[in-house]
1. Determine whether residue 41 is closer than 23 Å to residue 104 by Cβ and either surrounded by fewer than 20 Cβ atoms within 10 Å (Cβ to Cβ) or at pLDDT 95 or above (or both).
2. I'd like to verify a number: residues in the stretch 27-36 that are more than 14 Å from residue 54 (Cα to Cα) and in contact with a helix residue (DSSP H, G or I) (Cβ under 9 Å, 6 or more places away or on another chain), how many?
3. Taking the stretch 44-66 on its own, how many of its residues are farther than 16 Å from residue 12 by Cα and either surrounded by 15 or more Cβ atoms within 10 Å (Cβ to Cβ) or within 13 Å of the chain's Cα centre (by Cα) (or both)?
4. For residue 52, state whether it is in a strand (DSSP E or B) and either out of contact with any helix residue (DSSP H, G or I) (no Cβ under 7 Å at 6 or more places or on another chain) or free of Cβ contacts under 8 Å to residues at least 60 places away in the same chain (or both).
5. Checking residue 77 against (1) within 19 Å of residue 107 (Cβ to Cβ); (2) assigned to a loop (DSSP other than H, G, I, E, B); (3) without any contact (Cβ under 8 Å) to a residue 60 or more places away in the chain: exactly one of these is not met. Which one?
6. Among (1) surrounded by 16 or more Cβ atoms within 10 Å (Cβ to Cβ); (2) more than 13 Å from the chain's Cα centre (by Cα); (3) in contact (Cβ under 8 Å) with a residue 24 or more places away in the chain, where does residue 109 come up short?
7. Which count do you get for residues in the stretch 15-38 that are assigned to a helix (DSSP H, G or I), surrounded by 15 or more Cβ atoms within 10 Å (Cβ to Cβ) and in contact (Cβ under 8 Å) with a residue 12 or more places away in the chain?
8. For residue 78, are the conditions met, namely being crowded, with 19+ Cβ neighbours inside 10 Å and either over 19 Å from residue 16 (Cβ atoms) or out of contact with any helix residue (DSSP H, G or I) (no Cβ under 7 Å at 6 or more places or on another chain) (or both)?
């Protein structure tokens with residue numbers, strides 16, 4: 001089992017995964033990236049996530065479905081959702097289930113950094 005707590009990035013778009021991971025590493029975080037919710041779920045059984053940043057719309061399992069599954073598994077990591085197709089209804093649903101932030105693509109680097117820091121401080 002890993003002793004590190006990773007910021008996990010889940011997005012089916014490789015360019016988004018790489019960009020977010022690069023930004024987070026530049027901010028000093030250990031980062032693990034995943035192309036699907038299922039890949040993260042397979043990894044998280046033997047590792048620890050400090051925070052999960054997930055795309056909302058992905059094939060197989062959405063970001064909100066991922067959040068629900070993580071909670072069922074007892075994983076307390078805060079979740080930040082990102083989407084290219086935001087609506088007020090989706091933002092309300094995300095807030096209602098406990099998502100820490102609902103961000104729009106392209107994600108502003110300063111906003112993401114502030115939300116990750118706040119999520120990690122709130123998780124302590």
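The values are calculated or read from the model by the stated rules, or taken from the named source; none is laboratory data. Predicted, not measured: the structure shown is a model, and the values here were computed from it. Glycine also receives a Cβ, built like all others from the backbone with ideal geometry; neighbour counts cover every protein chain displayed.
1. On the way: closer than 23 Å to residue 104 by Cβ: no; either surrounded by fewer than 20 Cβ atoms within 10 Å (Cβ to Cβ) or at pLDDT 95 or above (or both): yes.
No.
2. Looking only at that region, the number is 3.
3. If we filter the stretch 44-66 for residues that are farther than 16 Å from residue 12 by Cα, which is where we start, we get 44-51.
Pick out the ones that are also either surrounded by 15 or more Cβ atoms within 10 Å (Cβ to Cβ) or within 13 Å of the chain's Cα centre (by Cα) (or both) and you get 44, 47-51.
The qualifying residues number 6.
4. On the way: in a strand (DSSP E or B): yes; either out of contact with any helix residue (DSSP H, G or I) (no Cβ under 7 Å at 6 or more places or on another chain) or free of Cβ contacts under 8 Å to residues at least 60 places away in the same chain (or both): yes.
So residue 52 passes the test.
5. (3)
6. Among (1) surrounded by 16 or more Cβ atoms within 10 Å (Cβ to Cβ); (2) more than 13 Å from the chain's Cα centre (by Cα); (3) in contact (Cβ under 8 Å) with a residue 24 or more places away in the chain, the lone unmet condition for residue 109 is (1).
7. We begin by selecting, within the stretch 15-38, every residue assigned to a helix (DSSP H, G or I); these are 15-26, 37-38.
Narrowing the set further to residues that are surrounded by 15 or more Cβ atoms within 10 Å (Cβ to Cβ) leaves 16-17, 19-21, 23-24, 37-38.
Now restrict to residues that are in contact (Cβ under 8 Å) with a residue 12 or more places away in the chain: 16-17, 20-21, 23-24, 37-38.
So the count comes out to 8.
8. Details: crowded, with 19+ Cβ neighbours inside 10 Å: yes; either over 19 Å from residue 16 (Cβ atoms) or out of contact with any helix residue (DSSP H, G or I) (no Cβ under 7 Å at 6 or more places or on another chain) (or both): yes.
Against the criterion (crowded, with 19+ Cβ neighbours inside 10 Å and either over 19 Å from residue 16 (Cβ atoms) or out of contact with any helix residue (DSSP H, G or I) (no Cβ under 7 Å at 6 or more places or on another chain) (or both)), residue 78 qualifies.
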